[in-house]
Ligand SMILES: [Zn+2]
């Protein structure tokens, strides 16, 4: 799919596109048919929720492009999305398994099962994280599962039991969102007719993954600790 304009068309809920799946919401909600069962895009995005952190850390930005793959009509779901992401990250990107960690929503036993049986990642490298829930306003939402890059034990808190989202040691670079629920006007939520799946990562993330950790380890620059925030996540 071509990147949609940064200023959304036909979506009065926001001034700017902030996620790769945002222009695809009509497909997820069944308002229109996607052009293909499986979609991929490189979407221009603008986020201002964490603008105060831009320049203070090496992992915040306002404008970026987000790579993503999507199955808005339910062509695949967790059982395919997780192995697909793993293949892309480890084979296509060539990222070493021992430097990768995974987080899942605390309620998502299915994702845990898939990660630990369909990929070689060790079970002790899969952590349950309450922040692993994703949605845009009244659009589709659901539990998500993130892949994190280990920048090394000498980055961040230094604790041997450090886990993703604790400090700067781990950087989230890929998020699988299992969009299965449509928020209702009231607290109860209703299931989407067709579970959809989206996955994506921020294009600028490979920079922080490769450079700052090395810089830190070489001792040529200070490393600023910063508490992670919700806006970190896709
Ligand atoms: Zn830590």
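Ranked by Cβ crowding within 10 angstrom, fewest neighbours first, how are 41, 32 ordered?
Result, fewest neighbours first: 32, 41.
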Legend entry - Calculated FRET efficiency for the pair residue 64/residue 161, C-beta based, R₀ 25 Å, to 0.05: 0.20
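Taking the Cβ of each residue in 167, 141, 157 as the centre, tally the other Cβ atoms inside 10 Å and list the residues starting with the fewest.
Working: 167 17, 141 21, 157 13.
Result, fewest neighbours first: 157, 167, 141.
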Inset, instruction - Compute the Cα gyration tensor for the range 16-156, then decide on rounded, prolate or oblate, letting a ≥ b ≥ c be the square roots of its eigenvalues: rounded whenever a/c is under 1.5, prolate when a/b is larger than b/c in the other cases, and oblate in all that remain. - result: oblate
Legend entry - Cα shape, the range 87-182, gyration tensor, a/c 1.5 rule: prolate
Inset, instruction - Based on other C-beta atoms within 10 Å, arrange 44, 118 from fewest to most. - result: 118, 44
Legend entry - Gain upon complete extension [residue 75, residue 123; 0.36 nm per residue less C-alpha separation]: 14.5 nm
Inset, instruction - Mind checking the full-extension length gain between residue 1 and residue 46? Use 0.36 nm per residue of separation minus the Cα-Cα distance, one decimal, nm. - result: 14.4 nm
Inset, instruction - Compute the length gained on full extension between residue 91 and residue 110: take 0.36 nm times their separation in residues and subtract their Cα-Cα distance, giving the result in nm to one decimal. - result: 4.5 nm
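Every number in this text was worked out from the coordinates using simple rules, so none of it is lab data. Note that this is a predicted model, so its numbers are computed, not measured. Note: ideal-geometry Cβ built from the backbone for every residue, glycine included; neighbour counts use all protein chains shown.
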